[in-house]
Amino acid sequence: MGKFYISTPIYYVNDEPHIGHAYSTVLADVLSRYHRLFGDEVFFSTGTDEHGLKVQEAAKKRKVEPLKHCNETVKRFISLWKKLDISYTKFIRTTEKRHRFVVQNLLTYLYERGDIYFDTYLGKYCIPEERFWTEKDLIDGKCPSCGREVISIEEKNYFFKLSKYRDWLVSYIKENPDFIRPSTRRNEILGFLKNGLNDLCISRPKSRLDWGIEIPFDKKYVTYVWFDALINYISNVGVYRDNDSFQKWWPADVHLVGKDIVTTHAVYWPIMLKSAGFELPRTIFAHGWWLVQESKMSKSVGNVVRPVDMIKKYGSSAFRYVLVRNMTLGSDANFSEEILVETVNSDLANDFGNLLSRLVNMVGRYFDGVLPGVTKPRKADSRLQDRAAALADTVKTSIKGMELNRAIEAVLAFVRQINKYIEDSAPWNIHKKGDTERLGTVLYTACEAFRIANVLFSPVMPGKAEEASRCFGEGIKKQIDHTNTDTSILQWGGLAPGTTLSIQGSLFPRIEKKKEINMEMAPDRGKNMERPVGIEQFQKLDIRVGRILSVEQIKKSKKLYKLNVDIGDEKRQIVAGIAEHYTDEDLIGKQIAVIINLKPAKIMGVESNGMILAASNDNKLTVIGTDREIAVGSRIS
Ligand code: ME8
């Protein structure tokens, strides 16, 4: 039995949790449950980030003390995690005494070791993001991360020597390809480190902000909220306090984060650990962004999705399923209730839920509800059994590779296979012929295959999987328990012939589209097009200077070229419809503008990973390039 330590970010308690928070936490929960299912002992860490200006200001707005504000808001997170069936091991709040003790201990250690020093700071500060920037980081004088105004600040502060560790970090990232995943984020961080690394200001004078952990060697200061927050990952498993636990769990296997906070996790955090003499986490995995109507959720736009509303309408299992099924780990995805309803109706109501009621009904009708046994299995029966065995391995491999939606697709494909097996075997005809032995064999085989599919779906939908398993009796129901690490439940033969089956209504009743969907939330592309684009939306496009290295005509297409384009850190294969406008000689060596963070697509069966920009007029296309040489990979903004 192995062990697996996974963490979510700890969330700010300035507001109630939204779908993004729900997603990261559900994802970590699903991974935790799969690991337990495959026999691992799991530590699943989550919590709340309660210090800093954001929280202080939220409390001020509500005219309550910060701690009171935190105590109230944290309840909304904890209650949501309960509603969402989140099986975390330990919840950490950064205002807890045990955490403060760890942060202060670590600060003292780093200070005594000479990696923290006192200096005057001159910089630009973004209040909402709580981050300092240098002049050259700014975009049009504004915060490069959120696009808002920054203020100039000059003050004395404590600094952490990030710069000292830059070269070490670059080599570490290069030598450990799995340290930052997916590779696009890894390349981003390597790009960020290319231009040097400034030391990090890790204190805030209490005169400006006092809601934080006091710096142990200077009472006039509190700790920068990010420095305090990152430490949660070691403090929740007992560093400095519970050596056995710390030795057992650290280093973490996966820090799951959103792509917004990769720099803090992949630059500050490893250096903090290195300086303190601790091992580094094995992987920092950045998932993509949930968008609503193709845009970022924001209160002012009014498109924030409240997880509590979704759970109330559709239930925890359906909501969890849609979250993990509809986002390829690492890429962005669009959330809409319409898509949710479609997914639930097709995968869960039609394929999965229906199968269960068909099976239980047939056993009811043909065998008085008592599960028959197998006699003389045929090829079709053993094929389904073999597929069940292979399925557990496929799911296991996908989970190890963090390809969650692949795992789900595999289980769903198996469910469809069971449906097909039923159609092909046609138990109703066997019944007419009076071949009870054959009928029993088919129904047992299908029920057992369903049981295995249900077990393999249970990490995604623990609530509904438990409900489904109840049809097969108490013993089977017990299998759907997140503390269960008995892997034998994945083996064929778990159902005992002779068991009485029962059904308690439809597992996933079909959802009537019109009745449930609040139309304001449904996608409305037409309206979207008329809306002006904000700077944040534009900044989401990662446009770089690329150089065309080779050109190849795509077979059977007059218009398409397959290009190999150097974009600095990597080479991309891009399909472009410019074959009628340029010869390969025109293009090779040309510097062009490339959107590099476009979802990969297959065009005429050829993978295209990015898009080159071109202007069109009267059916003529002109590729957009640079008017003088500039380093490949330079950002266009
Ligand atoms: O950044 N789509 O907390 P936070 C997907 N306290 N995930 C999303 C999302 C979206 N639209 N919006 C948020 C902080 N998330 C710090 C973290 S960790 C030591 C400190 C998720 O409340 C995603 O995981 O702003 C993102 O990284 C996190 O919520 C940010 O939560």
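Here the range 413-428 and the range 334-411 have alpha carbon centers that stand 10 Å from each other.
Between 0 and 90 degrees, rounded to the nearest ten: what's the tilt of helix 97-112 against the longest Cα principal axis of the chain? Rounded to the nearest ten degrees, it is 40.
Candidates ILE180, VAL411, SER398 compared by Cα position along the dipole of the chain: farthest toward the positive end lies VAL411, with charges placed on Cβ. Dipole check for the range 336-490: with +1 at the C-beta of Lys and Arg, -1 at the C-beta of Asp and Glu, and the Cα centre as origin, the magnitude is about 620 Debye. Considering only PHE192, VAL102, THR134, and ranking their Cα positions along the charge dipole of the range 83-208 that arises from unit charges at the beta-carbon of Lys, Arg, Asp and Glu, the one farthest toward the positive end is VAL102.
I need the GluC sites (Glu not before Pro) found in the range 533-637, filtered to DSSP loop residues with at most 16 other beta carbons within 10 Å of theirs. Numbers along the way, then the final one.
Numbers: sites: GLU536, GLU552, GLU570, GLU580, GLU585, GLU607, GLU629; in loops: GLU570, GLU580, GLU629.
Loop-located and lightly packed - GLU570, GLU580, GLU629.
Note on the range 361-490: Kirkwood hydrodynamic radius from all Cα pairs is 15.5 Å, rounded to one decimal.
Between their Cα atoms, which of LYS156/LYS206; LYS559/LYS620; LYS164/LYS220; LYS97/LYS161; LYS420/LYS478; LYS136/LYS259 are more than 19 Å away from each other?
Values: LYS156/LYS206 12 Å; LYS559/LYS620 12 Å; LYS164/LYS220 26 Å; LYS97/LYS161 27 Å; LYS420/LYS478 29 Å; LYS136/LYS259 22 Å.
Beyond 19 Å between Cα atoms: LYS164/LYS220; LYS97/LYS161; LYS420/LYS478; LYS136/LYS259.
Can you tell me how the chain classifies by the Cα gyration tensor, rounded, prolate or oblate, using a/c under 1.5 as the rounded cut? Don't jump to the answer; show the numbers that get you there.
Details: a/c = 2.01, a/b = 1.36, b/c = 1.49.
Judged from the Cα gyration tensor, the chain comes out oblate (a/c at least 1.5, b/c at or above a/b).
Reported value for the range 535-636: 111 Å³ per residue, from the convex hull of its C-alpha atoms. Over the chain, what is the relative contact order in whole percent, taking alpha-carbon pairs under 8 Å and six or more residues apart? Value for the chain: 12 percent. In the range 336-490, Cα pairs under 8 Å separated by at least six residues give a relative contact order of 26 percent. Straight Cα distances below 19 angstrom link LYS90 to the lysines LYS3, LYS75, LYS82, LYS248, with same-chain residues fewer than 8 positions distant left out. State the antiparallel share, in %, of DSSP beta bridges confined to the chain, rounding to the nearest 5. Restricted to the chain, the bridges split so that about 70 percent are antiparallel. Counting only alpha carbon atoms, the long axis of helix 404-425 and the longest principal axis of the chain meet at about 10°.
Once the Cα atoms are used to define both axes, helix 316-325 deviates from the longest principal axis of the chain by about 70 degrees.
In debye, nearest 20, what is the charge dipole magnitude of the chain about its Cα centre with +1 on Lys and Arg Cβ and -1 on Asp and Glu Cβ, if you could check? All intermediate terms of the calculation are to be shown ahead of the outcome.
On the way: 93 positive and 80 negative charges, 169 e Å.
My answer is approximately 800 debye.
Only loop residues by DSSP count here, and only those with at most 16 other Cβ atoms within 10 Å; note down the trypsin sites (Lys or Arg not before Pro) in the range 377-414 that meet that. Present the calculation step by step, with values, prior to reporting the outcome.
Working: sites: ARG378, LYS379, ARG383, ARG387, LYS396, LYS400, ARG406; in loops: ARG378.
For trypsin sites (Lys or Arg not before Pro) across the range 377-414 that sit outside H, G, I, E and B with at most 16 neighbouring Cβ atoms in 10 Å, the list reads ARG378.
For the range 535-636, the dipole from Cβ point charges (+1 on Lys and Arg, -1 on Asp and Glu) about the Cα centre works out to 360 debye, to the nearest 20. Calculated on the Cα set of the range 4-79, radius of gyration then Dmax: 14.8, 49 Å.
Going Cα to Cα from LYS61, which lysines come in below 18 Å? Please leave out same-chain ones fewer than 8 positions away. Within reach: LYS299.
For the chain, what % of the accessible area comes from carbon and sulfur atoms, probe 1.4 Å? So the carbon and sulfur contribution to the accessible surface is 48 percent.
With every protein chain present, what is the per residue accessible area of the chain (1.4 Å probe, Å²)? Provide the component values of the computation, followed by the final result.
Details: 29240 Å² over 637 residues.
On a per-residue basis, 46 Å².
Here the relative contact order of the range 535-636, from alpha carbon pairs under 8 Å that lie six or more residues apart, stands at 32 percent.
Along the axis of the charge dipole computed for the chain (Cβ charges of +1 for Lys and Arg, -1 for Asp and Glu, origin at the Cα centre), the listed residues ASN326, TYR366, PRO251 are led at the positive end by TYR366.
The values are calculated or read from the model by the stated rules, or taken from the named source; none is laboratory data. This is a predicted model, so every value here is computed, not measured. Neighbour counts run over all protein chains shown; Cβ positions are idealised from the backbone, glycine included. Heavy atoms of the whole protein, side chains included, go into the accessibility calculation; ligands, DNA and RNA do not. Shrake-Rupley method; radii C 1.70, N 1.55, O 1.52, S 1.80 Å.
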